[in-house]
Every structure is written in C-alpha cells, then in structure tokens.
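S.K.: First, the structure itself, so that you have it in front of you.
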Amino acid sequence: GTEPSHMHYENDENYFRGYEWWLMKEAKKRNPQIKLIGLPWTFPAWIGKGENWPYDYPDVTAYYIISWILGAKQYHDLDIDYVGIWNERAFSSKYIKLLRYTLDKHGLQQVRIIASDRLWEPISFVLLLDSELHEVVDVIGAHYPGTKTVPNALLTKKKLWSSEDYSTFNDEVGAGCWARILNQNYVNGNMTSTIAWNLVASYYEELPFGRCGLMTAQEPWSGHYKVEAPIWITAHTTQFTQPGWSYLQVDGHLEGGGSFVALTDGLGNLTIIIETMTHNHSACIRPPLPHFSVTPQRATFYLKGSFYMVETLQVWHSRLGFESGNSSLFQQLYPVKVWKGSFSLDLNVDEVYTLTTLKTGKKCHCPEPPPPQPFPSNYKDDFNILNPPFSEAPNFADQTGVFEYFMNVSDPGDHVFTLRQVVVQRPITWASDADQTISLIGNFKWVNMTVTCDIYIEKQRDGGVFIAGRVDNGGIYVRRTKGVFFWVFADGTYRVTGDLAGEEILMKGLSGVRDNVWHTLTLNIQGTSASGLLNGYPLWENVTISKPSNGWTAIGTRSFEFAQFDNFHVE
C-alpha cells in the first residue's frame, strides 16, 4: 500500500502523517540504541517537475530528504542514523555527493549514507572508480543477497549490509530462513547487518506478501495478534548484542553443516549464535537456495585471548519442530561450563543456540491477546473526529493515493469532518501504481454486500469518484484489480465497471451528478447481480456479475484528484 509523504506539495510540510513517527518512537522506548534508517520508495511528483525521475533536480530531492530528517528531530526528537538513495532503483552519483554536502551544511554530519539498496553492482564498481563517491558512501546495502557478496564489494573496504532481506511467510520455514540468513549473511558474505522486510504484518493478509512480517497483527478491530517464531529467532541475536558490537573474524562454517557467529562489545562480553537449519526448512522467498546438507554433530569451541578466562556461558535454545509440529522457542537451558577455554555441544538439525556472558536474556510471559474476529459485518465511519491520533482513518488500506482526515471549515452542514484523497499528481513511482486512487476496507471473503458513502467531487469537468465491492487485489498488482466499481463523474454520467482501470464496462448512463455537491452512492451486490442507488433512488439494476466472487469494499477517484468521502457504511 501507500504511505503519506511529509510534503504532498512543494509548499506543504507536515510531520504528523502516517504511522512511521509513532512506530519509531515506540521502537526507541523499547531499545534506545536501535538505529533508524530513512529510505524513499516513491517521491511526490513535484520533485521531478513532471518527469518520473528524482535526479533531474538533485537539489530539490536532497531538500525533500533533509526536511524529513530535520522534521524527525524537531517534532519527535528522533535522530535518523542512516539515509538511503532510492529503493531498488537507479542511483545517481551526482545526487549522492550533493546529498552528503547538503546533510553536512545542515549540521547532519552524523547521518551516514547507504547505497544503493539494490544489488552489489554497479555501486561497488562505481565506488572503486570514483574516489569522491567512495568518500561519501558509508555502507553498501544489497537486497536479498542470498548470503553472498561480490569481490568488488569487499575491495571497497566498506561496511556491507543486507539492507533488505527475509520477506518470507512467517511460519516455521520463515523462522528457519531468518535464522539461517542472520548468521550466514556474515559467515558467507561479510555482512554486519541484516534488515527484515517487514517488521509486523499489519495489513490485510490477502494483499501481496501477506504475513511476510516477523510477527502478525492484522486485526486492529479485534486486537488479536500473534508473536510468530521469527520474533524468537530475532531474540537469539538482538537480546544479546547491540548496534556497535563487533563480529569476531572466525570461519563460522560448522563441519556438519550450519553456522555460527561470535560477537563482542569490546568490554569482555561474548555472544555466540549457532544455527543448524536444513535446506527444506529454511528457504526464503528469494533468491533460490542451492542444495546443502546438515547432520547432527558435536561441536567444540575454543575461547582464546581475553575470552580464555570465561568460566560459564548462559544458554538459550530454539528447536523448530517441522515433523512434530511443536517447536520449542527461545528457552533458557542450564549454563555451559567452560573448561580451560573450551566447551562442546551436541547439535541437532533445525536448532538455534545462543551462548553468552550476558545474564539479561528474558522471555516475557504476556497475557493472551484477544481472540481473532472477522472484520465487523456491519461497519460505519462518519470521520467525525476533532483530534485524530493518526492522519488516516482506521482500517482503510490505501493502495494508490492517500486518504486523510479533512476538516471543511467552509461547510456549515453535515460534512465538516470528511475523508479526503489528497495526492493530485501521479508520484515518481516505485511499483506500478494505478492511474486511479483506491483505498480498501473490509473482509476479502465477503460475497454479498451493500456499500453506502456520501461523495463530493472537487475536480470540475473530468473529475470522478467510485465506491466498489468484491475488490480482489492491491499492492504491486493494483493496476490489474477487478471488482464491481460504481463510478460517478462531474460531467453528469455514471459507469459500472468490472475493473479499477475502467475498461470492462458493465453499464453506463446519465446520473445528474455534479462537482462540488454532496451525493450519496449505494452499491448492492447479491449473488450474480448488482444494483446502484443515487441519493436513495435506484439509478441502475440487474447488472450481471460473473467474477470476482468475493473481495473487499473500496473507495477512490478517477485520477489523482481531490475528492471527499463521508458517512461510509458497509453491511
């Protein structure tokens, strides 16, 4: 889905939109040492001045990014530690150099630059050729590197990160994937950071990449959530290390397969993490995983130098139970005695061990979350909220465009508080955004439904809005979304289409709808038939619907245009 920018338009700045500010503050409460990184996926259109490209006016792009970093500090007291260039898209050396210059000019020397959040090449090669660029890039970030790096990346002597990884369904196999790459990204690829996309699966599960988060919290209406296995795999590393700890340069391959890493804080503490994930239980979503074998083994570790004096290590253990179906996750075992600098462990397959001098590990026993509930089958929102905690209405999932709470100061009547679509130019896109805007809500499994919403077209002549049911897609596939779409246009016509693109026309005619007047649309879908009402009177009926057979409801606009919605109701 889409997220709201801090600058929708050139003269617009707002550092209270979306959920990211809240999320960063919550993260800092739990671990003040956590690092914060900014990376743009998409840019608002005004940055490109009409071109779908962010580098023609690099000073404008740099200004946009630096505004966000300064806003984080000024309004939320958040220090951004790193900033990226453009997610999985081209980089511009000229822009990167200007970004560094502009950061420094604003006293942001401590903000480091990651490039280029795509593959190891061509960034590594370019860094070796361009000494000026080499000076300003602090970290080479690659996405889904499959635990491997390339010679040029090593030659740069830069920090190497897997700056996006995982993206895998969060069952036991997802946990196995995460356990394996957390270790092997360093063991095989010298990467000292691995970042999971995404943190928490808090979006409708039937959207693309459903449940590809470290845990699941996709029912805000019930409060139900699930702390999935990948969270406890994460704990094996993150409860016993911190940003700033160093990896010991040892060969971390185990003889019987699997891997280990060792880290220290430089103050005498030592943490060793071991994983023995088997091939079939640890494949990530990408890249394909070459075959390897892991067998039960006894491993002996030797502690030398200052670690020779360590006498005991705390032990935390997970076993992913695939055949049995019952996993044991993040359990504290008896400490291991170190005898003259060595100790041995019997390792089975699909296990994770943490051995550490730290005694701070803990597994919380929290109250059970509320039981799961389907989305309410009768749901209303009149958007009448004076000081909303977030800029967007709950449960609406924007897929193209941004729908925000709006206050009509000039409206004395029933529509002072509304929901407004506010993106009025097609952004510099990352994925294939639709040409229309759309926000989804409800239950993907719904079949029969009545949707009612008050609508207000703001764009004269060719403006238009829709309400829809049985909507079947979103995310990166939003352009091919199907459903039953009831459109009204500022020119006084209406249409019923079977797709968001508006190409499959099921019915059309005159409605008398005008811009800058409130109207009420009602869409009723029962079995294979749909009908529509305008201001409570039938406008069209008996339109035959073949597929999709089920889906969400939605609201949206014909183009990137201002429009308002009020008194949304679905049954």
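The values are calculated or read from the model by the stated rules, or taken from the named source; none is laboratory data. Quick caveat, the model's predicted, so the values are computed rather than measured. Backbone-built Cβ (ideal geometry, glycine too); neighbour counts: all protein chains shown. The protein model used for the area step is the full one, side chains on, heavy atoms only, and it has no ligands, DNA or RNA in it. Shrake-Rupley method; radii C 1.70, N 1.55, O 1.52, S 1.80 Å.
S.K.: Report P(r) for segment 207-314: all Cα-Cα distances, bin width 10 Å, range 0 to the bin holding the largest distance, values in whole percent.
M.R.: Histogram of Cα-Cα distances, whole percents per bin: 11, 32, 32, 19, 6, 1.
S.K.: Working with all protein chains in place, sort 487, 518 by solvent-accessible area computed with a 1.4 Å probe, largest first. Let's see the in-between values first.
M.R.: Working: 487 10, 518 50 Å².
These residues rank, largest area first, as 518, 487.
S.K.: Could you tell me which chymotrypsin sites (Phe, Trp or Tyr not before Pro) in segment 254-313 are loop residues by DSSP with no more than 13 other beta carbons within 10 angstrom of their beta carbon?
M.R.: Working: sites: 260, 292, 301, 302, 307, 308; in loops: 292.
Counting only loop positions with at most 13 other Cβ atoms within 10 Å, the chymotrypsin sites (Phe, Trp or Tyr not before Pro) in segment 254-313 are 292.
S.K.: Another question, if that's okay. Sorted from largest down, give the three principal axis spans of the alpha carbons of segment 227-269, whole angstrom values.
M.R.: Extents along the principal axes: 32, 30, 13 Å.
S.K.: Let's test the formula: R0 of 25 Å, r as the Cβ-Cβ distance of residue 385 and residue 28. What FRET efficiency results, to the nearest 0.05? It would help to have the intermediate numbers written out before the result.
M.R.: Details: r = 27 Å, r/R0 = 1.07.
Between residue 385 and residue 28 the formula returns 0.40.
S.K.: Straight-line reach only, C-alpha to C-alpha below 16 angstrom: list the aspartates and glutamates that residue 148 could link to, leaving out same-chain residues fewer than 8 apart.
M.R.: Leaving aside aspartates and glutamates fewer than 8 places away in the same chain, those within reach of residue 148 are 117, 121, 164, 165, 251.
S.K.: Moving on. Please work out the FRET efficiency for the pair residue 336 and residue 51, using the Cβ-Cβ distance as r and a Förster radius of 45 Å; give the result to the nearest 0.05.
M.R.: Working: r = 61 Å, r/R0 = 1.35.
About 0.15, to the nearest 0.05.
S.K.: Could you tell me the distance between the Cα centroids of segment 227-257 and segment 348-364, to the nearest Å?
M.R.: About 9 Å separates the Cα centre of segment 227-257 from the one of segment 348-364.
S.K.: Once all Cα-Cα distances of segment 19-240 are split into 5 Å bins that start at 0, what whole-number percent is in each one?
M.R.: 1, 6, 13, 16, 18, 18, 14, 9, 4, 1, 0, 0
S.K.: Remind me, relative contact order of the chain in percent, using alpha carbon pairs under 8 angstrom and six or more residues apart?
M.R.: Values: 1353 pairs, mean separation 64.8, N = 571.
Taking the mean separation of contacting Cα pairs over the length of the chain, I get 11 percent.
S.K.: Straight-line reach from residue 482: which aspartates and glutamates have Cα under 17 Å away, leaving out those fewer than 8 places along the same chain?
M.R.: 206, 398, 433, 435, 472, 499, 503, 504
S.K.: Per q in 0.09, 0.13, 0.19 1/Å, what log10 I(q)/I(0) does a Debye calculation on the alpha-carbon atoms of segment 379-570 return?
M.R.: -0.28, -0.60, -1.39
S.K.: Right, next: For 282, 410, give me the order by solvent-accessible area with a 1.4 Å probe, most accessible first, ignoring ligands, DNA and RNA. Write down the numbers at each step before the final one.
M.R.: Working: 282 0, 410 105 Å².
Sorted descending by solvent-accessible area, the residues read 410, 282.
S.K.: Ignoring everything but the protein chains, give the 1.4 Å probe accessible area of residue 381 in square angstrom, nearest 10.
M.R.: 20
S.K.: Considering the zone a paramagnetic label at residue 408 would reach in this model (a point 7 Å from Cα along the Cα-to-Cβ line), which residues of segment 442-467 have amide N under 20 Å from it?
M.R.: Hits in segment 442-467 for residue 408 at 20 Å: 452-467.
S.K.: Excluding same-chain residues fewer than 8 positions from residue 29, which aspartates and glutamates have a Cα within less than 13 Å of its Cα?
M.R.: Cα-Cα hits under 13 Å: 77.
S.K.: Within a Cβ distance under 13 Å of residue 142, other residues only, what is the Lys/Arg minus Asp/Glu net charge? Intermediate values should be presented prior to the final figure.
M.R.: On the way: positive: 118, 148, 158, 159, 286; negative: 88, 117, 121, 164, 165.
For residues surrounding residue 142, the net value is 0.
S.K.: For the full complex of protein chains and a 1.4 angstrom probe, list 19, 64 by accessible area with the highest value first.
M.R.: Working: 19 105, 64 15 Å².
Listed by decreasing accessible area, they come as 19, 64.
S.K.: Oh, and also: If one puts a single equal scatterer on every Cα of the chain and applies the Debye formula without solvent, what log₁₀ I(q)/I(0) results at q = 0.06, 0.11 Å⁻¹?
M.R.: -0.37, -1.08
S.K.: Right, here's the next one. Run the numbers for residue 12 and residue 279: contour at 0.36 nm per residue of separation, minus the present Cα-Cα distance, in nm. Numbers along the way, then the final one.
M.R.: Details: separation 267, 0.36 × 267 = 96.12 nm, distance 5.06 nm.
Gain on stretching residue 12 to residue 279: 91.1 nm.
S.K.: In segment 306-408, if every C-alpha pair distance is counted and binned at 10 Å from zero, what percent goes to each bin?
M.R.: All Cα pairs, binned at 10 Å, distribute as 10, 23, 19, 14, 17, 13, 5, 0 percent.
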